[in-house]
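For reference, the structure is listed below as structure tokens.
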Amino acid sequence: MNGDTATGWLPAGSGYEVALSSGRIVARNAQGARLKSMPPVLKDDPAVAGLRQLRDWLARHEAQVRADVERWMVHSLPVTARLLATVWADDAWRAELRDLIVTPYGQDGPDLDRAGFLRDVDPARGIGVVDLDGESAWLSAERFTIPHPVLLADLDELREFAVELNMGSSQLFRDVHDKPADAAGQAAAIARYEGAHYAQQRLLTSRAIALGYLVRAGTVRCRIREDGHTIDATVWAGESYPGEPAWTGALQFADAQGRAMPTADVPRIAWSEGVRLAAALHAGRTVTEEGS
């Protein structure tokens, strides 16, 4: 009422109602006026406690949805149209999936020529997209993928197109790194981020964990599954005391058995994600007043 966007008002205390609104617990009085703050008398009310639990659960659910969608993309995992139709009814899933570029997935892998921005899912009609020419279409296929942006041709143009249509997504604007064709270019790309200095070891470790990477035995690790193979991209972060200085090592790649992989054998997504890891750690390095 009166522009109030909160829904699902619950009775609380004597003459009050409470609800969730944009992640906050809000209250209104018996006259229906939204209050600027929660009345102290409602602090321990069962209805307020229930909304706190619901808010926390929703936050965990949204975080898990984001992680699942990113995993589908990074690992090029095909998902069924039936699964997409099932999760589309969930607000958190729909918000995360909407506007991502999806493509049918067949025996030969993703059909990038039929890629489009995901706009709707209907069990009867299929997957509704806006294609890369700006035309609406319904795609019928048993499975779909969310392609990693490094696989998308004309990525800069796609980003501009998405901005024009107000359809920006974490997929399109993810940092990507194209693999140089020659060995010298590959070596230079890896060397660019080696030796990032942190004033304290704990700052390096904390940054890696905050970015979602696994840190174990002094190594920051990113695991990628691509074309049926498991590849680890790693950066040495040191094992000094938390308050001691630290420097990052060189980016390295290894197969599922832990054997070092020549850069020439690293596929495109694994390369992009590995260099993204090294670049992210380099970006958080300690910079002196002189800028060194």
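The values are calculated or read from the model by the stated rules, or taken from the named source; none is laboratory data. Note that the structure is predicted; figures quoted are calculated from it, not measured. Ideal geometry is used to build each Cβ from the backbone, glycine not excepted, and the neighbour counts take in all protein chains shown. For the accessible areas, the whole protein counts, side chains as well, though only heavy atoms, and no ligand, DNA or RNA atoms are used. Shrake-Rupley method; radii C 1.70, N 1.55, O 1.52, S 1.80 Å.
Rounded to the nearest Hz, the phi-derived 3J(HN,Hα) couplings of the stretch 81-93 under the Karplus curve 6.51 cos²θ - 1.76 cosθ + 1.60 (θ = phi - 60°) are 4, 5, 5, 4, 5, 5, 6, 4, 5, 8, 4, 5, 5, where x marks glycine and proline. Taking a virtual spin label 7 Å from the Cα of Glu70 along the C-beta vector, which residues in the stretch 174-200 bring their backbone nitrogen under 18 Å of it? Under 18 Å, as judged by backbone N against the label point of Glu70, lie 174-177 of the stretch 174-200.
Between Asp90 and Leu35, what FRET efficiency comes out of the Förster formula 1/(1 + (r/R0)^6) with R0 = 35 Å and r the beta carbon distance, rounded to 0.05? So the FRET efficiency works out to roughly 0.70.
Expressed as cubic angstrom per residue, what is the convex hull volume of the alpha carbon set of the chain? Don't jump to the answer; show the numbers that get you there.
Details: hull volume 62.7 nm³, N = 292.
Measuring per residue, one finds 215 Å³ for the Cα hull of the chain.
Val130 sits with roughly 20 Å² accessible to a 1.4 Å probe, with DNA, RNA and ligands left out of the calculation. Placing unit charges on each Cβ (+1 for Lys and Arg, -1 for Asp and Glu) gives the stretch 10-55 a dipole about its Cα centre, and among Ser21, Val48, Gly32 the Cα reaching farthest toward its positive end belongs to Ser21.
Computed over every Cα-Cα pair of the stretch 250-292 and binned at 10 Å starting from 0, the pair-distance distribution P(r) comes out as 23, 43, 20, 13, 1 percent.
Using a probe of 1.4 angstrom and keeping all protein chains present, the accessible surface of the chain works out to 56 square angstrom per residue.
The packing ranking, built from the mean of other Cβ atoms within 10 Å per residue, places the peptides 258-266, 94-102 in the order 94-102, 258-266, highest first. Estimated from helical segments only, the mean residue ellipticity of the chain at 222 nm is -9500 deg cm²/dmol, where each DSSP H run of four or more residues counts as -39500 (n - 2.57).
Rounded to two decimals, the Cα radius of gyration of the stretch 198-292 over 2.2 N^0.38 Å is 1.12.
Considering only protein heavy atoms and a 1.4 Å probe, what is the carbon-and-sulfur percentage of the accessible area of the stretch 90-190?
Heavy-atom surface of the stretch 90-190 belonging to carbon and sulfur, 1.4 Å probe: 44 percent.
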